[in-house]
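Input: a single structure, listed below in structure tokens.
The values are calculated or read from the model by the stated rules, or taken from the named source; none is laboratory data. Since the model is a prediction, treat every value here as computed from it, not as a measurement. Every residue, glycine as well, gets a Cβ built from its backbone with ideal geometry; the counts of neighbours run over all protein chains shown.
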Amino acid sequence: MTENAVHGSPMAPTYTPKEAGFGARHRRGFTVAAIVGFLLAMVGALETGQIAFLPRLAYWEILMLSGALIGLGVSEMVEKWGRLRSRQWAEMPLIATLIALPLTLMVLGTSSIFFHVGPPTFKAFATMFAITFTISLVMTALNYFIHWPGKVIPETAAAPAPPAVAPSPPSKLSARLPLQYRQLEIVALEAEDHYLRVHFDDGASTLILMRLSDAIAELPDALGAQTHRSWWVAKKAVDDLSKGDGRATLNLSNGVSAPVSRSFYKRLSDEGWFA
């Protein structure tokens with residue numbers, strides 16, 4: 001039996017609004033894992049029907065919920081690392097491997113307790129790892145298919161607020177955004193490593209894989225200007241300018257604050273940004 005046991009439902013990176021909170025982001029994964037564990041216990045999957053129902057249920061729930069917990073930790077870790085986010089073909093096997101290694105030990109250990117078998121051989125470990133890796137990879141790919149919108153990682157940064165200005169005509173950059181963001185007004189761009197955070201007038205934001213200079217080239221020149229080596233700002237979104245500690249900061253209508261570097265300050269001042 002121990003060579004045939006399978007694990008729970010691993011969690012691939014699921015990029016959802018931050019305000020949903022940690023619990024809301026992952027509650028569904030644990031619920032699905034618990035339901036699947038109950039169903040596997042009901043049917044006595046993979047020769048587990050040889051033990052009574054309650055121990056069988058405990059066995060499957062331990063494995064399924066452990067798989068969900070390990071998957072959650074792995075997905076959070078890989079998401080924060082972010083180095084392979086634009087190369088799903090490499091990121092998915094990495095996630096599946098990081099899930100399968102500890103989960104294989106969990107499956108073999110749990111099986112030895114419930115089925116009173118001896119220590120597993122190397123062949124048993126290799127067989128179980130192949131099973132858990134395959135299932136982890138399939139579940140990870142499924143989650144990517146459901147949640148991943150191309151190379152874009154949607155992430156809401158603040159609660160929506162009423163737009164302060166009328167929307168501008170769609171730009172070339174807008175066409176690169178997920179559908180739910182294309183009708184929103186772009187008020188600022190912020191470079192984050194190899195990614196670009198696009199800030200909108202309603203307080204939301206999203207990450208796209210793009211350089212700041214390339215994004216600025218796809219926006220109308222009259223719409224705004226670069227204020228810092230890592231920032232571009234729409235002029236009509238500026239509420240006021242604040243200074244402190246030798247720094248200048250633009251306070252925008254959506255609540256975001258954008259820095260103004262010395263190299264851009266004079267040009268912006270000459271163009272009437274601070275009038």
Cβ-Cβ distance below 6 Å, separation of 6 or more or different chains: which pairs start in region 48-71 with a residue that is under 20 Å from residue 30 (Cβ atoms) and end on one that is at pLDDT 80 or above and surrounded by fewer than 18 Cβ atoms within 10 Å (Cβ to Cβ)?
70/102
Farther than 20 Å from residue 48 by Cα and modelled with pLDDT of 70 or more: is that true of residue 90 in this structure?
yes
Kindly indicate whether any position in region 238-245 is part of a strand (DSSP E or B), surrounded by 14 or more Cβ atoms within 10 Å (Cβ to Cβ) and not assigned by TED's automatic domain parsing to the domain that holds residue 81.
yes
Identify, please: which residue in region 31-57 is part of a helix (DSSP H, G or I) and on the phi > 0 side of the Ramachandran plot and is, among those, farthest from the chain's Cα centre (by Cα)?
47
Please state which of the following conditions residue 191 fails to meet, knowing it meets all the rest: (1) of a type outside the set (D, E, K, R); (2) out of contact with any helix residue (DSSP H, G or I) (no Cβ under 7 Å at 6 or more places or on another chain); (3) surrounded by fewer than 19 Cβ atoms within 10 Å (Cβ to Cβ).
(2)
Please find, within region 182-193, the residue that is farthest from residue 227 (Cα to Cα) out of those that are in contact (Cβ under 8 Å) with a residue 24 or more places away in the chain and not charged (D, E, K, R).
186
Does residue 57 meet the test of being crowded, with 18+ Cβ neighbours inside 10 Å, of a type in the set (A, V, I, L, M) and either at pLDDT 75 or above or farther than 18 Å from residue 100 by Cβ (or both)?
no
Would it be correct to say that residue 218 is surrounded by fewer than 16 Cβ atoms within 10 Å (Cβ to Cβ) and over 33 Å from the mean Cα position of the chain (by Cα)?
no
Of the residues in region 222-273, those that are among the polar types (S, T, N, Q) and touching a strand residue (DSSP E or B) at 6+ places or on another chain (Cβ under 8 Å) come to 226, 227, 230, 242, 249, 251, 253, 254, 257, 261
